[in-house]
Amino acid sequence: NVDIVERRAAAAVDAFGPYDAWVNAAGVYMVGTFEQTPAASFARLLEIDLLGVANGSRAALRVFRRTGRGVLVNVSSLTGGLAVPYVSAYAAAKWGVSGFSLSLREELRDAPGIHVCVVRPASIDTPIFRRTANYTGRPVQALSPTYDVALAAQTIADLVTHPRREVIVGRSGKVLSALHRFAPRLVDRTFARREIGRASCRERV
């Protein structure tokens, strides 16, 4: 909700002064074919994962414009650049985050002190897979390999002091992204052949 975001942003400024960085990382997950996925669930995921980023960015820029500087970090996903079946809502949202961030970066060319960064994590060991909406009838398994959440957190922290256009978290993600540029059909088919869930994912956080 945009009003809630604005109120919390204002409260943070009142308590601590203008912020130097803002990270949009909230997100939910959903597994199932597009036809299995209820329309209301599809819309709810987009509201959180995509519109949440837009609402947070609006609040961040209100302060960044005033101070003339700031780092906005939007967390997309490795999925936000590849074709991954059975997660159509999540893919739409994360592709949207990447596209939104690219567009926003161009709009901010008049403010060189404001940076927009995109983080695209591969499979990260968080509760998102256990708590996902699941319409497949089978347990959900995180894609392998799965990386420690500390790696993603450190990547985001590094961007605050050394902004970059886009960063992929996880060696496998970097390899897949590079391969996709040269052999997109091969990478797409590799994802399509993966089973959704032969075993439940292990989680440490």
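The values are calculated or read from the model by the stated rules, or taken from the named source; none is laboratory data. All figures in this text were calculated on a predicted structure; none of them were measured in a lab. Here the Cβ positions follow ideal geometry from the backbone for every residue, glycine too, while neighbour counts run over all protein chains shown. Heavy atoms of the whole protein, side chains included, go into the accessibility calculation; ligands, DNA and RNA do not. Shrake-Rupley method; radii C 1.70, N 1.55, O 1.52, S 1.80 Å.
A simple spin-label model places pseudo-atoms 7 Å from Cα toward Cβ; at Arg69 and Ala25 they are separated by 2.3 nm.
What percent does the relative contact order of the stretch 2-112 come to when contacts are Cα pairs within less than 8 Å and at least six residues apart? Relative contact order for the stretch 2-112 comes out at 34 percent.
Over the stretch 1-118, with every protein chain in place, what whole percent of the accessible area is carbon and sulfur at 1.4 Å, could you tell me? Before the final figure, lay out the partial values.
Numbers: 3360 of 5780 Å².
Here it works out to 58 percent.
Taking the chain as a Gaussian network of alpha-carbon nodes connected by springs under 10 Å, the highest mean-square fluctuation of the residues Asp14, Asp49, Asp125 belongs to Asp14. Across the stretch 1-26, the residues whose backbone nitrogen lies under 17 Å from the label position 7 Å along the beta-carbon direction of Ala43 are 1-2. Residues Lys94, Lys174 ordered from highest to lowest accessible area at a 1.4 Å probe: Lys174, Lys94.
Per residue, the chain exposes 56 Å² of accessible surface when a 1.4 Å probe is rolled over the protein heavy atoms with every protein chain present.
Just want to confirm a number: the relative contact order over the chain, from Cα pairs under 8 angstrom separated by 6+ residues, in percent. Let's see the in-between values first.
Working: 328 pairs, mean separation 48.9, N = 205.
Value for the chain: 24 percent.
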